[in-house]
Amino acid sequence: MFWLLAILAYLLGSLSFAILLSRVFGTADPRELGSGNPGATNMLRVAGKKLAILTLLGDLLKGLVPVLVAYLIGLGIQKQAWIGLAAVLGHLYPLYFRFRGGKGVATAAGMLLGLYPPAALLAVAAWALTFALTRTSSLAALIATPLTLPLLAWQKPGALLPMAVLCCLIVWRHRGNLRDLFAGRERHF
C-alpha cells in the first residue's frame, strides 16, 4: 500500500495549479513571465491575488491530502513523510509538464501540516517574519524550512530523514535565488 500511495502522491503532486489555473482563466503561463516559476509567488506577480491564492491552496492540498490518507490507513509517521515527499517531488518535477515544476514550498507546507501541525505553524511564522523584514519570498522559504528540523527531531523523529531530504531539495531548487541573493539581485515585493 505504501508504494501505491507514494506513486499516487507523486501523480497528484505533478498537477501544477499555477499552470492549470492560468489556462482556465486565460492568463499567461507563469513559466514564461516573472521568475518563470509555476508557484503562488510568481502567480501573484503575473496573474494577481485571486489566482495566487487559488494556486497556494491547491499546492497546499496536494501536500496535505496524501499525508492524511497515509495516516488514515494506518501508516507510521516515517512512511507518511516519505509519501508527502513524493507529492513534493511531483511538484518539483511534474510528469504532466515536462518535469518543469515549482520550488515546492507550499506543497511542503501542506505536507508539514499533515505530519505535525506545530512544525507547519513554526514554518509559516518564520516565513512570515522573514518576508515582513526582507520582502523576499525565496529567503523566507530558505529560512523557514530548515527551522522545522530541530522541532521534528524532538517531537517526530521518524519524520526527520524525509524532512532533511525535503530541505535539501528546497535549497537545491532555490540555488538560482541563492546566487541572486548573494549578488544583491534577488526580486523583492
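Rule-based calculations on the coordinates, nothing more; no lab input. As the structure is a computational prediction, the values presented were derived from the model and not from experiment. Quick reminder, even Gly has a Cβ in these numbers, built from the backbone with ideal geometry, and neighbours come from all protein chains shown.
Couple of notes before you dig in:
- The Rg/Rh ratio for the range 17-156, using Cα coordinates for both the radius of gyration and the Kirkwood hydrodynamic radius, is 0.98.
- Only lysine pairs 8 or more places apart, or on different chains, with alpha-carbon atoms under 25 angstrom apart are counted in the chain, and they number 10.
- Simple spin-label estimate for residue 25 and residue 187 in nanometres, 7 Å along Cα-Cβ: 1.6
- Residue 50-residue 180 pseudo-label distance in nm [points 7 Å out on the Cα-to-Cβ vector]: 2.7
- P(r) of the range 12-60 over all Cα-Cα pairs, binned every 5 Å from zero, in whole percent: 5, 29, 38, 23, 5, 0
- Formal net charge of residues neighbouring residue 15 (Cβ-Cβ distance under 11 Å; K, R +1; D, E -1): 0
- Sites count as exposed loop sites when they are trypsin sites (Lys or Arg not before Pro), lie in a DSSP loop, and have at most 13 other Cβ atoms within 10 angstrom; the longest stretch of the chain without one is 1-97.
- R0 of 22 Å, Cβ-Cβ distance residue 33-residue 98: FRET efficiency to nearest 0.05: 0.80
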